[in-house]
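Any read-out appearing in this document is the output of simple, stated calculations on the displayed coordinates, not a laboratory observation. The structure presented is a predicted model; accordingly, all values stated were derived computationally and were not measured. Cβ sites come from the backbone with ideal geometry, for glycine too, and all protein chains shown count toward neighbours.
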Amino acid sequence: MSRALRLFRAGCVLALLSPVPAMAQDVPLSQLLVQLIQADIRLEPPPAGSGFPSHEAHFLPGVDQTLAPFLFNQQLVGQLATFPIGSPTGGFAFTFDAASGTFQRTTDSFGPAFADRSLTNGRGKFTVGTNFQYSKYSSFEGKQLDDGIKFYLSHQDLPGELFFEGDVIEASLRADISSATTTIFGNYGITDKLDLAVAIPIVSVQMDATVDANIIRLGSGQETTNLHFFPGGSASKSFASAGDAAGIGDVLLRAKYRFASMAGGGLAAGIDLRLPTGDADNLLGTGAAGATLTLIGSTTRGKLGPHFNIGYTASGESDIVNIPNEFNYRFGTEYVATPRMTLNADLLGRTLMDAGRLELQSVTRRFASAAGVAGSRTFDEYVARSGSLNLLNLALGGKFNVGGNFLLNANVLFAVNNAGVIARFTPVIGFDYTF
């Protein structure tokens, strides 16, 4: 027990070292990509005193042109801030036997990692632990982020019908985005049927982005380079921006009440309260409170422990990003491989209600040359449409009893589909101890 306490204290010290802010950029992370795509791409101004009108800012997007990169950023910010963390429920479940005056374990399983079961800690039992997980976001709607997500910036409308307004800028975004989360949690059994828990995530986010901008002279033509060009007369230029942040994320408070009991399981209701304690400007939190109501069911069938969670999250309003309400579900089972090892598998589904989608469509752009000759060209562009965003992950892993009431756990989250911003796999390691 003293060894477990020393390990727990060491884990807390390591976790608490990470909240020190590490901001290295002037633009907050929640706006970094939008700023890079929408404001940083500027052309070369004309020489001073030349009298030639400046086209420097003619490709700063208007309202319609900002929609695609804005929704991309919305999805990125929202999904980073609400990415699943491990369950704060402990691996041991007890009940008090009045006849013998002792606590008895209610199941041989150590429980799931990313779902919950109806079993509770047991009256007076206290579990503490920590989990660490690392996510590297590699794709968007099936397109690799390091290959470039392309957006197209149109020329601003000017008085009259001017041929060079047909020019566009192709902005190809390459991004390296990752997050690391250390979650410290505690779970206490108020009664044999009621648990209260708290989870404190400590989040670190890093973002490195580059936009390769290319001027496509549809209207002005390749021979007309004195209108739209980057420094040095080039039609191409790269713009880069990077930043990082670290600190406490959105704290989670949880209550779980088991209202129907059966051997090895039953039915329970859980309510989670998400507090907006994280810095939403820098992707450490949502900037909005949220409440999740969950129906939890579990049982045992020999060595198997099937379970399900069905929940709905109502989110408040955030000044930083729109956090949609969410329907979520988790189905899976535990398998008691040995008395000291439990393996688990869970399917985690999330439906972000009316979050909006971006999909590639063929868009035809029409233009006229300086001589008045009409033309057109088709591009594959991201177009916004209404709808919900369905995210699906598979969690595989296990828990190992080192000794006494001390558990080590290791899991991996795999992205099953390609919707939204994807972290293809997320490793998770941690431990918990029950007193």
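Would you please classify the overall shape of the range 151-222 from the alpha carbon gyration tensor, given that a ≥ b ≥ c denote the square roots of the eigenvalues, rounded means a/c under 1.5, and beyond that prolate means a/b larger than b/c while oblate covers the rest?
It comes out prolate by the Cα gyration axes.
For TYR188, what charge total do you get from the other residues with a beta carbon under 14 Å from its beta carbon, if Lys and Arg give +1 and Asp and Glu give -1? Value of the local net charge: +2. Rounded, prolate or oblate, given the Cα gyration tensor of the range 127-275, with a/c below 1.5 counting as rounded? Since a/c reaches 1.5 and a/b is larger than b/c, the shape of the range 127-275 is classed as prolate. When you filter the trypsin sites (Lys or Arg not before Pro) in the range 338-398 for DSSP loop state and at most 16 other Cβ atoms inside 10 Å of their Cβ, you are left with ARG340. Stretching GLU44 away from GLN156 to a fully extended chain increases their span by 38.7 nm, per 0.36 nm per residue minus the current alpha-carbon distance. Taken one residue at a time, the phi angles of the range 111-123 give Karplus couplings (6.51, -1.76, 1.60, θ = phi - 60°) of x, x, 9, 10, 10, 10, 10, 6, 5, 10, 4, x, 3 Hz. Gly and Pro are set to x. Among the listed pairs LYS193/LYS399; LYS136/LYS256; LYS136/LYS193, those with a Cα-Cα distance over 27 Å are LYS136/LYS256; LYS136/LYS193.
Given the Cα atoms of the range 187-266, and with Rh set as the inverse mean 1/r over their pairs in the Kirkwood sense, what is Rg to Rh to two decimals?
Computed over Cα atoms, the ratio is 1.53.
Summarising the label geometry, the points placed 7 Å from Cα in the beta-carbon direction at ALA368 and ARG301 lie 7.1 nm from one another.
Using only alpha carbons, the range 233-321 has a radius of gyration to Kirkwood radius ratio (Rg to Rh) of 1.28. Taking Cβ atoms as reference points and 12 Å as the exclusive limit, the residues near LEU252 contribute a net charge of 0, counting Lys and Arg as +1 and Asp and Glu as -1.
Working ranking of peptides 400-408, 202-210, 422-430 by packing, defined as the average number of other Cβ atoms within 10 Å per residue, highest first, is 202-210, 422-430, 400-408. Placing R0 at 25 angstrom, the Cβ-Cβ distance between MET353 and LEU394 gives a FRET efficiency of 0.65 after rounding to 0.05.
For q = 0.10, 0.17 Å⁻¹, what log10 I(q)/I(0) does the range 309-435 give under the Debye formula with an equal point scatterer on each alpha carbon and no solvent? Reported log10 I(q)/I(0), two decimals: -0.55, -1.01.
Per-residue 3J(HN,Hα) values for the range 229-241, derived from phi via the Karplus relation 6.51 cos²θ - 1.76 cosθ + 1.60 with θ = phi - 60°, read 7, 8, x, x, x, 6, 8, 9, 7, 9, 10, 10, 7 Hz in sequence order (x marks Gly and Pro).
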